Every structure is written in structure tokens, then in C-alpha cells.
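This report refers to the structure that appears directly beneath it.
The values are calculated or read from the model by the stated rules, or taken from the named source; none is laboratory data. Model, not experiment: these values are computed from the prediction. Here the Cβ positions follow ideal geometry from the backbone for every residue, glycine too, while neighbour counts run over all protein chains shown. Calculation scope for accessible area: heavy atoms of the full protein, side chains included, ligands and nucleic acids excluded. Shrake-Rupley method; radii C 1.70, N 1.55, O 1.52, S 1.80 Å.
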Amino acid sequence: MLESQPAVQDDETSLKQKIQSLENQLEEIRLQTHVLLDIARALNASLDTRVIAANIISAIVSLISIDRASVCLYNEKSQDFEVIGVFDSGTLSPIIPSYLDFSFLKQVLANGRTFYRTPQNSLEWDWICCLPLQNAQHKIGSINIHAIRQPEITSEQMEFLETVAGHASSALGNALLYAIVERESITDGLTHIYDHRYFQKRLREHISLCQRRKRSVTFGLLIIDVDNFKLFNDRYGHQFGDTVLVSIVRELRKNLREEDLIARYGGEEFVVLIPEATEKIMLHISEKIREVVEKTRVLNVQTNQEVSVTVSIGVTLWHTSDSPNSIIARADHALYKAKKTGRNQSVYE
């Protein structure tokens, strides 16, 4: 009996060790669960893709000794990647190097599986780990690790990364869907430029900004109307009329600056808001638009005939005494003069 006592004590010690080990594992699981819940909340707290990307990078940096990482969005239409988040431990202003071949990410997305290889220290920026971001409908992008300070990514860390990627796919998918819905709510269905309501909002914002600045900076407004558009529709049909409007918008976009705002104001009327403008700038832009439209030829596929159109333009600048209604009324009056005195011209008031 006495001889069996040490064996019992050994069994008790072994059991206690196992219990302690299980308790440690449970505590680790509990902590990981809390971390993942915090990450999920952070990722879904914003609908800004760049904020989400920053939170993704913050999550993986908290777990793995990473030197460089990035988050990319994939545009299925153009098949291009947009970098929306970059991390480099050596700088506060990281930049993705030009030699990185993003076509590699297309292979990762096509496979739909995590890519990983042991670091070889051949380049400062390399493809060490790429986690595809996708849902049932779309390929969304990827989380990429380019350099790490540890020998390798462990299986436990990889499992964590793939869980983060799952949450990231959901968060970015929601953000992109929201952006589409928001964009469609403020754009014209035919021409895909801003609609009348959004233009009015931005006009009020520009007036408020210029009033706060209290200096000579102003902005300009163009109202553009397609000449004789009713007769054109009656002759060629409304469907081809729509084609003409789309063609005019395409030329406007090509000949306006990125900061200029173009919107559909009515049936065949467009408005353009020109920031930081002068009378000389406004006259130059309006004449450029008029000449470009006049030279544009639109093919009518039913008659195999090229058709040309012209526009009349009312031009004005914002005055310190202007309200949204008064500046629009002045541009509209200038447009009326342009159409009344011969069309295919721009008039400044």
C-alpha cells in the first residue's frame, strides 16, 4: 500500500498539470475571441474603405512582427488593383514600390486560397503572404504581407489572419455596396453625372466656403443647353437623343478639370461649377466646350449617318451678394441671350 502512494501522487500531479494546461488554453481562446470581436467591431464601425484598411493593418500588426503590409481593392471591371492601405515600420509615409507586380494578386484571387511562402529576404518588399478577400458575388481584394521580422508565420497566426480576412471581406464588401448605393442616389441614370439635387447641395457649399474666406476668391457657373433638341428628338427619335446627350457628357468630362463639377440640370441642360475662377477662365472654358461639342460627330447606327449638334452656354461668376437662386438666375438669363441671339455661342453676365 505504501509503495503505491508515490504513483498516486504522480497521477495527481499529472492531472493538475493537464488541468492547468487546459485552463491556459481556454484563457488563450477567450483572449483570442475577445480580440477577434474587437477587430470585427472595428472593421464594421466605418464605411470608409481606407479606414477599414487601416484597421485591418492594425489588427495584423498587433499579432505578427510585420515590417511591411498592404491592403488592396480589386476592380473587376478594369481588373486593376487600388492600394487603400500601406504599412512600413520604417516610415510614417509608406509608399508601395513601382517594381511590385500586382498581376501576381490576380492569380491569388483566381485561386481563392491564401498564398504563403517562407521569407527569403531577397527584397524589402516581397509577396510573403497574400490573403484573398472575396464574397459569394465578387472578388474584393487582398491583404498582403511583404516583410516580417520573425522566421515564419505560424499555423496559429495563419488561422488568425484568415479569420481577419473573413471579417475584412464582409466589411469592405459592405462599404463598396454602400458607395454604389450612395453614388446612384446622387447621379443621373442616363449620363452617370451628378443630378440636380446634388448640384444644389454643392452650390450651397461653395457659396458658404467663399463667404467664410472673405476674400476675392470666387467660382463660376455654366448652364449649357443643347440647341434645337426637341426638333432633333422629333427627327431622329428619343433613343438617339439619349445617345447624343451621353456623347456630349463624354466630351465635357474630357475637357473639364478634375475639380470641376458637372451635373444634369434638366432634360437637355447641364450645369458646370468651376472653382477658383475668373471671368477670363470662364470665357475660355465655355468657348472650349462650345467648340468641342460643335466638332463632335455622333453616329446614328440606324441610318448610318453622322450627326452634329451645338450648344448655347450661359456664363457667370458668383458675387458676394449672391444666393443660390440669384447666381442660377443670372446664368440662366445669359443662356437665354445666347439662344435668342443665334445659338451656338456663350454669353457672359
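For the Cα trace of segment 210-304, dividing Rg by the Kirkwood Rh returns an Rg/Rh value of 1.06. Which of Gln305, Ile128, Leu209 sits farthest toward the positive end of the charge dipole of the chain, with +1 on the Cβ of Lys and Arg and -1 on the Cβ of Asp and Glu? Positive-end residue among those listed: Gln305.
Once the Cα atoms are used to define both axes, helix 279-295 deviates from the longest principal axis of the chain by about 90 degrees. Ligands, DNA and RNA left out, the 1.4 Å accessible surface of the chain is 51% carbon and sulfur atoms. Tilt of helix 49-61 relative to the longest C-alpha principal axis of the chain, in degrees (0 to 90, nearest 10)? It is inclined by approximately 20 degrees. Extending 7 Å from the Cα toward the beta-carbon at both His192 and Thr91 defines two label points whose distance is 3.4 nm.
For Arg204, the shell of other residues with beta-carbons less than 12 Å away shows a net charge of +1, using +1 for Lys and Arg and -1 for Asp and Glu.
Rolling a 1.4 angstrom probe over the protein heavy atoms with all chains in place gives the chain an accessible area of 57 Å² per residue.
The residues packed around Val86, meaning those with a beta-carbon under 15 Å from its beta-carbon, carry a net charge of -3 if Lys and Arg are +1 and Asp and Glu are -1. In this label model, Glu182 and Asn75 are separated by 1.8 nm, measuring between points 7 Å along each Cα→Cβ vector. Taking only the Cα atoms of the chain, the ratio Rg/Rh comes out at 1.21, with Rh defined as the Kirkwood radius. Here the alpha carbons of segment 230-284 define both size measures, Rg and Dmax, at 13.7, 41 Å. Rounded to the nearest 20 debye, the dipole magnitude of segment 250-349 is 320 debye, with +1 charges on Lys and Arg beta carbons, -1 on Asp and Glu beta carbons, and the Cα centre as origin. The aspartates and glutamates whose alpha-carbon is closer than 13 Å to the alpha-carbon of Lys295, local same-chain residues fewer than 8 away aside, are Glu251, Glu287, Glu306. Using bins of 5 Å that start at zero, the share of Cα-Cα pairs per bin across segment 67-131 amounts to 4, 14, 27, 28, 18, 8, 2, in whole %. Around the Cα centre of the chain, unit charges on the Cβ atoms of Lys, Arg, Asp and Glu (plus for the first two, minus for the last two) sum to a dipole of about 2020 debye.
Taking the longest Cα principal axis of the chain as reference, the axis of helix 155-185 is set at about 20 degrees.
Can you tell me which lysines have their Cα less than 26 Å from the Cα of Lys288? Leave out same-chain residues fewer than eight positions away. Straight-distance partners of Lys288: Lys230, Lys254, Lys280, Lys337, Lys339, Lys340. Projecting the Cα atoms of Ala110, Cys72, Ile95 onto the dipole axis of segment 35-123, where Lys and Arg carry +1 and Asp and Glu carry -1 at the beta carbon, places Ala110 farthest toward the positive end. Ala171 sits among other residues whose Cβ lies under 11 Å from its own Cβ, and their net charge, with Lys and Arg +1 and Asp and Glu -1, is 0.
Straight-line cross-link partners of Lys201 among the aspartates and glutamates, defined as a Cα under 17 Å from its Cα and at least 8 positions apart when in the same chain: Glu182, Glu184, Asp188, Glu259, Asp260, Asp322. Within the full protein context, the accessible area of Asp80 is estimated at about 90 Å² for a probe radius of 1.4 Å. Rolled with a 1.4 Å probe across the full set of protein chains, the surface gives His192 an accessible area near 120 Å².
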